[in-house]
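Participant: My questions will all concern the structure given below.
We did not get these values from a lab; they are worked out from the coordinates using the rules stated. All of these numbers come straight from a predicted model, not from anything done at the bench. Here the Cβ positions follow ideal geometry from the backbone for every residue, glycine too, while neighbour counts run over all protein chains shown.
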Amino acid sequence: MACAGLVALGVYDHFQRSWTITRNFPVAGRLRWLFYRLRPYLYAYIVEDDLHGTPYPYEARNLIHARARGEVDTHPFGTERDLEEATHHWVSHSIAPAAEAERDPRVTVGSSQCTKP
């Protein structure tokens, strides 16, 4: 009985035109969606976190999917990165101004090989 249901679902998936993943991989394509929905609940058992995935982190995949669907792809405020780690660089404004400003703050871009450095 269960096999007949899976065969019927596979035939439907093969002939439908909405989703390429289920047309190319009947029934198995639906397992992908199931695991996407279960991911938050199984997160504690998954080695990959949101920032260090291969070839793309989970957040990058979500961004790509959101842009492909035409959804809003911006997320407000905050970070999940460890700001206390040694490799993270932080820049903040100084409360006190510098003693004396530079005389010539311009930076030359180019060299004598350029027409207009």
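Participant: Out of these labelled values of Rg/Rh (Cα atoms, Kirkwood Rh), (1) 1.26; (2) 0.96; (3) 1.02, which was calculated from the coordinates shown here?
Facilitator: (1)
Participant: Here is a follow-up. Hey, fewest Cβ within 10 Å first, where do 79, 22, 87 land in order?
Facilitator: By the 10 Å Cβ count, ascending, the order reads 87, 79, 22.
Participant: On to the next question. With a ≥ b ≥ c the root eigenvalues of the C-alpha gyration tensor of the stretch 70-117, is it rounded (a/c under 1.5), prolate (a/b larger than b/c) or oblate?
Facilitator: Taking the square roots of the gyration eigenvalues as a ≥ b ≥ c, the stretch 70-117 is oblate.
Participant: Shifting gears a bit: In the chain, if the dipole is taken from +1 on Lys/Arg beta carbons and -1 on Asp/Glu beta carbons about the Cα centre, which of 113, 29, 57 is farthest to the positive end?
Facilitator: Positive-most Cα among the choices belongs to 29.
Participant: Fewest Cβ neighbours within 10 Å first, please rank 109, 7, 91 accordingly.
Facilitator: 91, 109, 7
Participant: I want to check the label-to-label distance for residue 7 and residue 80. Put each point 7 Å from Cα in the C-beta direction and report it in nm to one decimal.
Facilitator: Output for this residue pair reads 4.3 nm.
Participant: Given 4, 78, 20, which one lies farthest toward the positive end of the charge dipole of the chain, if we put +1 on the Cβ of every Lys and Arg and -1 on the Cβ of every Asp and Glu?
Facilitator: 4
Participant: Using a 10 Å Cβ count of at most 15 others and DSSP loop calls, identify the longest part of the chain lacking such chymotrypsin sites (Phe, Trp or Tyr not before Pro).
Facilitator: Result for the longest clean stretch: 20-76.
Participant: Give me 73, 13 sorted ascending by neighbouring Cβ count inside 10 Å, so fewest comes first.
Facilitator: If I rank by nearby Cβ atoms, fewest first, I get 73, 13.
Participant: Separate question: Are there any helices in the chain, counted as whole DSSP H runs, that stretch 15 Å or more along their axis by Cα and score at least 0.0 on average by Kyte-Doolittle, and if so which?
Facilitator: Span-like helices, by this rule, are 2-15.
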